[in-house]
Amino acid sequence: MKILSAIFLFLLSLPAISQKQVVITIDDLISNGPFIDLAHIQHVNQQVIDTAVSFEVPVIGFVNEQKLHRKNEEVARKQILRNWLEGGLDLGNHTYSHPSFYNTPLEDFKNEVIKGEVFTSSLLEEYGSKMRYFRHPFLNTGPDSLTKAKFEQFLSEQGYTVAPVTVESGDYIFNKMYAKAVIEGDSSEMKAMGEAYVSHTLKMFEWYEGVADQTLGRAIPHIYLCHVNPLNADYLGEIYQGLKDKGYEFITLEDALKDPVFDNTDYHIDKWGVSWLYRWDEGKVKEWLMAEPEIAPEILKKYNQ
Ligand SMILES: [Zn+2]
């Protein structure tokens, strides 16, 4: 009996691995277009905020502050970020102007971080919070391991934690045709792209669940990356619902990063960033990428036109 209760207590102490968890992260605030005008940007951001609020998803948005600075629109553009915090969502730094670290000198890239936090940091403080997370543009973590290490040292001195990504589904590919269809009022193309995006995204979640199983032998909290664009404004709700139906709960980045998988060493150096799950076995990266579920060829063809 004593042994049984000891086993029971041990089981209780284990994390609840049966509960799937995901963080939703949205990049390139306040706009990853194409957009018609400022009103369109405002509308898309508000839809993204409202959907997160109605599904109770603690979304974090990563900002490129350069997008706030447009003649006669600065006040309205800054108000968009305020609306994110009003909705109870979080904000992080995605550099000032979204350069790739791969071809940006270290000092310039550090300046991109400093320049990229000016307004967002003060806004977060106004809301009793602070800037905590940094997301690399293109998920590129540097041109070589020394520069990468120096930059990560700098980030931690500045009080930043890197926001990794485990799931990405090429939303920008579907959005290219979707946003064009919005502008042209082509509702059947919008529906086709929206539905293809949702189904591909849910497929990618299954894929990365499988990768976690194969590499770690267990489930992990996932971190999904997408962008603030017309496609996500209209279809994130279906993705949230799809994830809920799969048994996911939505958590914060802070909670997700408590999982020890995010303490692993990241060895990946390449022009293109990859999922966190591919970053500690360089020999396997190509193999994983080749085996990923593919977007339908007719969609890729349109994208590449
Ligand atoms: Zn980005």
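Mind checking which residues of segment 271-305 are open to solvent by less than 20 Å² (accessible area, probe 1.4 Å), within 20 Å of F174 (Cβ to Cβ) and among the charged types (D, E, K, R)?
none
Could you check, for segment 270-290, whether at least one of its residues is under 15 Å from L216 (Cα atoms), under 20 Å from the mean Cα position of the chain (by Cα) and charged (D, E, K, R)?
Yes: one or more hits.
Filter segment 68-113 down to the residues that are within 18 Å of K271 (Cβ to Cβ) and aromatic (F, W, Y) and list them by number.
F101, Y102, F109
Within segment 78-105, restricting attention to residues that are in a helix (DSSP H, G or I) and open to solvent by less than 30 Å² (accessible area, probe 1.4 Å), which residue is nearest to the ligand (Cβ to nearest atom)? Before you say what the answer is, go through the steps one by one.
Taking segment 78-105 first, the residues in a helix (DSSP H, G or I) are 78-86, 101-103.
Applying the additional criterion that residues be open to solvent by less than 30 Å² (accessible area, probe 1.4 Å) yields 80-81, 84-85, 101.
Details: I80: 17, L81: 16, W84: 16, L85: 20, F101: 12 Å.
Ranking the qualifying residues of segment 78-105, first place goes to F101.
Any idea which of I41, I36, I60 is more than 20 Å from the chain's Cα centre (by Cα) and in contact (Cβ under 8 Å) with a residue 24 or more places away in the chain?
Testing whether each residue is more than 20 Å from the chain's Cα centre (by Cα) and in contact (Cβ under 8 Å) with a residue 24 or more places away in the chain leaves just I36.
Kindly evaluate E238 against the criterion of being surrounded by fewer than 15 Cβ atoms within 10 Å (Cβ to Cβ) and either charged (D, E, K, R) or touching a strand residue (DSSP E or B) at 6+ places or on another chain (Cβ under 9 Å) (or both). Steps first, please.
Working: surrounded by fewer than 15 Cβ atoms within 10 Å (Cβ to Cβ): no; either charged (D, E, K, R) or touching a strand residue (DSSP E or B) at 6+ places or on another chain (Cβ under 9 Å) (or both): yes.
No.
Any idea how many residues of segment 140-153 are within 22 Å of the chain's Cα centre (by Cα) and either within 13 Å of E107 (Cβ to Cβ) or in contact (Cβ under 8 Å) with a residue 40 or more places away in the chain (or both)?
6
Residues T120, T104: which one is of a type in the set (S, T, Y) and within 21 Å of the chain's Cα centre (by Cα)?
None of the others qualify; the one that does is T120.
The values are calculated or read from the model by the stated rules, or taken from the named source; none is laboratory data. Not measured: the values here are computed from a predicted model. Cβ sites come from the backbone with ideal geometry, for glycine too, and all protein chains shown count toward neighbours. SASA here: full protein model, heavy atoms, side chains in, ligands and nucleic acids out. Shrake-Rupley method; radii C 1.70, N 1.55, O 1.52, S 1.80 Å.
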